[in-house]
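Computed from the coordinates by the stated procedures, all read-outs in this text should not be read as laboratory data. This one's a predicted model, so the numbers in the text were calculated from it and none came from an experiment. No Cβ is skipped: glycine too gets one built from the backbone with ideal geometry, and neighbour counts run over all protein chains shown.
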Amino acid sequence: MAIITLTTDFGYKDHYVGAVKGAILSSLPDANIVDISHNISPFNVQECAYILKNAYQSFPKGSVHVVGVDSEISPENEHLVVWVDGHYFVGANSGVISLITSELQPEKIVEINLPNSIQSSFPVLNIFIPVACHIARGGKLEVIGKPFEGLKELRDFEPRVINEGKTISGNVIYIDNYGNVVTNIQKSLFEAYRNGRSFEIIARTTKIKEVQQSYNGIINYDLDRNQRKGPGDALALFNSAGYVELAIYKSDLNSVGGASTLLGLNYRDTVTINFL
């Protein structure tokens with residue numbers, strides 16, 4: 001059974017998600033459609049890449065992933081299919097796919113050129129879905145386009161190592177449903193420069209001197225309850241995707257707040273790690 005995933009910034013108020021799913025089922029009645037997310041912040045390619053990069057690997061090889069963020073075609077935003085790591089990605093050359101495949105070498109990239117296609121304001125429906133269904137039916141990429149080599153790379157969100165290796169300067173790339181703040185600093189980079197040194201993570205006025213392996217890692221269960229750290233305390237950890245994340249233990253954006261609100265952090269804000 002063909003698997004087609006959808007990752008968009010459409011939300012659920014409008015008709016877009018329903019129309020896209022209807023088009024898939026009209027072409028492939030037995031298709032298995034999986035929503036990865038439709039709540040990507042509008043045009044936020046970094047957020048889209050983070051979510052999709054950490055989701056697609058759980059799907060079977062051969063899955064087709066439709067990327068519906070910043071998808072309008074232009075001379076600088078071509079429509080592409082990228083075959084990498086056993087998966088197909090159908091989307092625009094906005095930088096999303098290069099962020100997803102930053103540590104992998106694509107095996108094939110094709111610029112979409114459908115005969116008799118109509119340029120519209122809804123390319124996900126009119127271009128990406130016919131292409132995704134073609135691939136899901138076992139169709140060849142050569143039929144829908146020509147080889148392409150200009151995959152756009154986004155470099156503005158790479159963390160910087162400065163101060164002769166004593167400082168890593170990163171940025172907030174994602175804020176999750178709990179208000180937890182994900183940085184672009186990966187565990188591998190942190191460990192490569194730490195060299196056994198102590199450190200401090202600085203986010204605005206907050207300083208954290210430990211990185212946990214789990215959210216409840218801040219709790220010392222050998223202490224009495226009234227002496228422990230717990231709900232409401234700030235922490236840093238290496239999250240399941242391998243990035244440095246700042247969190248408030250058992251946070252809730254709808255009541256007590258989360259790291260994003262309580263620490264005053266937003267998308268693109270700077271987070272610094274100093275090795276002491």
Problem set entry | Gain on full stretching of the segment that runs from N226 to I3 - 0.36 nm per residue minus C-alpha separation | 75.3 nm
Seminar exercise, completed: Between K108 and residues 5 or more places away or on another chain, the pairs with built amide H atoms under 5 Å apart involve W83
Exercise. When a footprinting reagent is the concern and you count Cβ atoms within 10 Å, what order do C48, C133 take, fewest first?
Worked result: C133, C48
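What pairs from K53/K207; K166/K207; K61/K187 go past 19 Å between their alpha carbons?
Flagged as over cut-off: K53/K207; K61/K187.
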Problem set entry | ³J(HN,Hα), Karplus 6.51/-1.76/1.60, whole Hz, each residue of the range 183-189, x for Gly, Pro | 9, 8, 8, 8, 4, 4, 5
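Can you tell me the equivalent ellipsoid semi-axes for the range 160-275? Use √(5λ) from the Cα gyration tensor, largest first, whole Å. Kindly include the intermediate steps, with their values, before the conclusion.
Numbers: eigenvalues 106, 62, 27 Å².
Square roots of five times the eigenvalues give 23, 18, 12 Å.
Which percent, to the nearest 5, of DSSP beta bridges fully inside the range 3-147 are antiparallel? Could the numbers behind the result be given before it?
Values: 14 of 27 bridges.
Approximately 50 percent, going by the DSSP bridge assignments.
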Seminar exercise, completed: Checked against the structure, the computed mean projected area of the Cα convex hull in nm² among (i) 13.3; (ii) 17.3; (iii) 15.4 is the one labelled (ii)
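Place the peptides 178-188, 211-221, 75-85 in order of packing, highest mean first, counting for every residue the other Cβ atoms within 10 Å and averaging per peptide. Walk me through the numbers before you get to the answer.
Values: 178-188: 19.9, 211-221: 14.3, 75-85: 17.9.
The most tightly packed comes first, giving 178-188, 75-85, 211-221.
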Seminar exercise, completed: Per 10 angstrom bin, beginning at 0 and ending with the bin that holds the maximum distance, the Cα pairs of the range 3-147 fall in percents of 12, 48, 36, 4
Problem set entry | Integer Hz, Karplus 6.51/-1.76/1.60 couplings in order for the range 258-273, x for Gly and Pro | x, 4, 4, 8, 6, 9, x, 10, 10, 3, 6, 4, 8, 10, 10, 10
Seminar exercise, completed: For F122, F238, ascending order of other Cβ atoms within 10 Å (fewest first) is F122, F238
Exercise. PRE reach from R137 (point 7 Å along Cα→Cβ): which of the range 5-37 fall under 12 Å by backbone N?
Worked result: 26-29
For this session: Round to a whole angstrom and tell me the spacing of the C-alpha centers of the range 113-180 and the range 17-33.
Result: 21 Å
